[in-house]
1. Averaged across C:4-11, how many Cβ atoms of other chains sit within 10 Å of each residue's Cβ atom?
2. Could you tell me how many degrees, from 0 to 90 and to the nearest 10, lie between the Cα long axis of helix B:65-90 and the main elongation axis, the longest principal axis, of the Cα atoms of chain B?
3. Suppose we take every Cα in the protein assembly as shown and form the convex hull; what volume per residue is that in Å³?
4. Give me the net charge of C:Pro172's neighbourhood, meaning all other residues with Cβ under 14 Å from the Cβ of C:Pro172; Lys, Arg count +1, Asp, Glu -1.
5. Can you list, largest first and rounded to whole Å, the semi-axes you get for segment C:99-215 by taking the square root of 5 times each eigenvalue of its Cα gyration tensor?
6. Amide H neighbours of C:Glu124 under 5 Å, counting only residues 5+ apart in sequence or on other chains, H built in-plane at 1.01 Å?
7. Would you please give the FRET efficiency between A:Leu428 and C:Glu55, computed as 1/(1 + (r/R0)^6) with r the Cβ-Cβ distance and R0 = 30 Å, to the nearest 0.05?
8. Under 13 Å from a point placed 7 Å out from the Cα of B:Phe204 along the Cα-to-Cβ direction: which residues of segment A:211-227 have their backbone N that close?
Amino acid sequence: MIQAVAPKIEKNYLNEKVGLLSWLLTTDHKRIAILYTFSITVFFFIGGFFALMMRLELLSPRNWLVSAETYNKLFTMHGIIMVWFFLIPSIPGTLGNFLIPMMVGAKDVAFPKLNLLSWYIFMLGGGVTVYALFRGGVDTGWTFYTPFSTTYSTTYVVAAAVGIFIAGFSTILTALNFIATIHSMRAPGLTWFKLPIFVWSMYANSVVLILNTPVLAITLVMLAVERIFTVGIFDPALGGDPVLFQHMFWFYSHPAVYTMVLPAMAVISEIVPAFSRKPLFGYKAVAFSSIAIAVVGFLVWGHHMFVAGESVYSALAFSFLSYCVAVPSAIKVFNWTATIHGGSVSWDTPMLYAIGFIGLFTIGGMTGLFLAALGLDVHVHDTYFVIAHFHYIMVGGSVMAFLGGVHYWWPKISGKMYPEGLARLSALIVFIGFNLTFFPQFVLGYLGMPRRYAAYPEEFQMLHVLSTAGATILGVGYVLPLCYLIWAWHYGRDATPNPWRATGLEWKSSSPPPTHNFEVTPIVTAKLPYDYEAMKEELELV
Amino acid sequence: MSDPLVLELREQFATPEQQRHTSSIGIWLFLMTEVMMFGGLFVAYTVYRFNHPQAFAQGSAEMDIVLGSINSAILLTSSLTMGLAEFSAKFGRVRLSGILLFTTILIGLAFLGIKFTEYYEHYQQHEAPGVWFNHVGPHAPEVQMFFVFYFLMTGLHAVHMSIGILLLLGLIARNMVGSFSAAYHTPITVVGLYWHFVDIVWIFLYVIFYLPGLHK
Amino acid sequence: MITNFRLWPESASSVAGGVDLLFLILLVVCTAVSVGIAAFLIYSAIRYHRKSPNELGTQTRYNIPAEVTWTVVPFIFFMAVFVWGAKLYFEIQRPPDNAMSIYVVGKQWMWKVQHLEGQREINEIHIPVGRPVKLIMTSEDVIHDFFVPAFRTKQDVLPDRYTTTWFEATTPGKYHLFCSQYCGTKHSGMIGWIYALTPVDYQRWLTQGAPEGSLASTGEKYFHQFGCANCHHFNNQGRCPDLRNLYMRPVLLTTGKTIIADDSYIREKLHDPDAQVPWGFSANVMPNFTGVVTEEQILALISYIKALGPQPGTQEPSSSGAAPAEYGTQKGIGGPGATSNAGSQVEKR
Ligand code: HEA
Ligand code: HEA
Ligand code: CUA
Ligand SMILES: [Cu+2]
């Protein structure tokens, strides 16, 4: 047995040092990953709480639960928290931090202190944003469109902007750390084309973050300066151009949506081969498609502004490029599917999430094709069709991938197994709840229900009620894993070093790993990535 | 004295070579983020200069071209001393390197001094944006916008200069305790890259803020 | 409790059918592809379900022809959709030449509408069916968005500039008008109705509650009230240009550039008169009317200036301001060019 090859060692990264300070001052990437896991879980449930409040409010066409002011703050804070304090840092901060050094066979990331600093910066940004929230919230929408945000809103715009600004530096530093790690910390023999696709995707993701986050930072600075000093930068009354703000925001935010899905794709690209016991189909195509998404993703921001008053010719170019950037996503979907075909497929929880991801991402992505079609976007822009589109990708896709990844690597992270039956059940609940929540929103959108509406005409009610019903089911599906994973941390069955018999370097270490990851620095001799054939003996797959 | 190479090797690295390589990747990536950050401002400036050419020319005419030019020369000199500091460290002349770093700080401070003199002048002439701004003549809001960008961009640059000076102070401190040698002086190179970058940004700022008003 | 439940929006404009068709085609193809993918996934997951704990999958790594196929085929399909969507977009964005104009001003949180005939409405617009209607829109404060689901049209309404949208209603009825760009507290209350009337009903509506006069005549009043008339004399072009026949004519500027005197240009004259000065005149003469005239008054003034020139609707104001080549006539020379243009216009109707 493998367990015999690498006996469970007593000292691991979790128990080597104890006490709160040993956590708060740690530079171990694995412990930092756990710090992130804790923080983003808190933020997710805060954001989810706002979502539930919104859904409840939308049960009735009139304002029955909260006022319009409150509703506007709800979706704004929901968007801000979910995007910047949950989804963007989620997979990179947790799984990325934990796995990248292990997957490249390193002792730690390139700059461990910087890594810890990132977490503190993140928490500071989160703290400032939560402060804005408690002082009364923000009501601009997560997009901060000017001149509403600079001149007309009376809420805590600057505080929220400062919070996001600060958190941005955390993102930048983490991304920088990953790139440096991947470039220079790879174990001997681990060449680029032997890297797990997880690493490729995270690399592409980090490049995007490094290039787009500073633009958001400076845009928020301009917004704050304009608001604090009441000078003209974007306000047309003072010679500014509100559309310039939109350009700068989306120059950041379109690439940002890919930074919300590339890490998810990274996770799926690991789960699918591991649970099919097969190398990832079309390795190079999948690797390069991440790079293509990263590069072309920078050129399509204008597709959010088809009716904002941009010229028809730039609209043409942006539409065209949006279709180009959809091709690499298609390549990935087909390659994952092909990987499953002919494999030895197990139906463990991570795989269920992965299959769910592929299906829901495909639907979300394809509705992106509807939006990118110029004439069609005129009708569906800023309606629930858009809301459904991105929740299919971000919730149906990325959150599912995150959950799948957490389950997949849970034995490695915690050293314990989670309860499989319960986990499968909640995966099913999430899937059903999710579709019930967001599918009706496509219909709502095409009917013309505008987004960000606290009250709405009665004919839309039926579909809203369905959506709210779905959201409560979805909520249950999210609370369940929280409970049983915490339970498993204490009472779960001990995990073997490689419970799934997967090929990655991270599985060569014990579960949980020792502080410096490997007893001996691994030397990679395999010729190919995901080389089940060569590792047959070692994994006892004969 | 123990070998500085081993002394300075962080535990996550296998070899000093790897550590050096990693540091240089790190700083170059960092500079890329800086390019994007200033880039955002340059783009916004360009858009508005294109939209309001007269107002921006008017604003630029209020710049003190003499002080600006002196400052450019000063900053280029500081790049020179910074470069020499790296160069001498490379040849093991760490004492000389320390002196040159100190010179760089002095020159940097001179730059900031002149910069703030300029700010003060603009403030006195009611050209500081916001409640302090009071411009008589046409296009007042747009002229104010010119000054918004002027203060924002040169201000951000000044913040970078100040950070640079702090970093240089750190280098001097480490140099005094003998951390650097011909074999190990990566921090000097890294800070040097940062310093040169900040200087280059200034050259662009000089061009876009001081020169447009010249032929007015 | 639930009224008017439906799954498909009403379609009541000339472009709605085209939009729906594209939507349906995409829906069919995408459903087919995703059902195909899902079926394949589920089939594989069941067919290749792990039979023994030590089982290994077949170790295939790639297949170039397959990779090429699933890269190229979707791309071709995407391009087809792109071209189709773009064609539709041009149709939706470009108002036909014979469209009648209505002015719309958005403000937190209402729609103010002015008809050329002088009618004013709030959160309601009466239009005739079977005639293209062009809206020239601006905002007094933040960005709003004019959205009529039944017409499949939508356009952001921005402060400090004019944007346009158009539609031709095909079925008489009452349709939702939504503000679809978040604009503050009562964003969801910034809704109204479009009444598409038969031509007969529309004529009746026009004559009911007759306004004081047309929008242009209101504009004429303002033209005197704000003192424009003090400088802009007719037939006596001294320091100030004669505004007759200005609308939609090319104007040579002091910078040597030529631009078209569209709505935006005239509006800019009131907010920043020196930004673009016509050739032969000097800057710093015309006062700045910012804060003096409201957006609605500006629209009335424009409509007056328009009435001074060629017939309304001869040439569309374009926000991009590109000069149409056929306008060779110089400003101020009312002459044959204008007449013939107006003439051809009449024929079209
Ligand atoms: C993770 C997030 C994420 C991702 C990955 C995407 C991916 C895509 N998005 Fe989405 N998008 C958002 C998040 C995301 N989006 C958000 C948050 C908004 C709204 C922001 C706001 O306003 O608040 C938005 C809005 C948005 C708009 C603007 C809508 C509007 O406001 O009017 C558009 C328009 O073009 C668009 C397009 C696309 C396209 C073409 C893709 C493509 O990359 C998708 C590519 C994937 C596929 C196409 C599926 C797989 C392909 C196949 C299986 C191939 C076979 C298919 C066929 C042959 C049909 N998106
Ligand atoms: C990135 C991620 C992300 C995620 C994960 C989600 C998750 C969800 N979102 Fe969100 N959403 C956005 C990003 C995201 N959203 C963005 C960017 C916008 C646009 C904002 C804007 O317009 O500015 C938006 C807007 C948005 C709207 C549109 C609002 C409007 O335009 O009027 C709606 C409406 O249904 C919605 C619903 C939901 C629901 C039901 C979930 C569910 O998946 C949530 C499920 C979670 C739970 C149900 C939590 C369960 C927790 C508990 C039950 C515990 C109780 C809580 C405490 C004790 C604190 N979202
Ligand atoms: Cu006006 Cu929303
Ligand atoms: Cu986008």
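Each value in this text was obtained by applying a stated rule to the coordinates, not by laboratory testing. Note that the coordinates shown come from a computational prediction; the quantities given were computed from them, not determined experimentally. Using ideal geometry, Cβ is built from the backbone for each residue, glycine included, and neighbour counts are taken over all protein chains shown.
1. 5
2. Once rounded, one gets 10 degrees.
3. Roughly 178 Å³ of hull volume per residue.
4. Numbers: positive: C:Arg131, C:Lys174, C:Arg204; negative: C:Glu10, C:Glu168, C:Asp201.
So the surrounding residues net to 0.
5. Working: eigenvalues 101, 49, 32 Å².
The equivalent ellipsoid of segment C:99-215 has semi-axes of 22, 16, 13 Å.
6. C:Trp193
7. Numbers: r = 25 Å, r/R0 = 0.83.
With R0 = 30 Å, the Cβ-Cβ based efficiency is 0.75.
8. A:215
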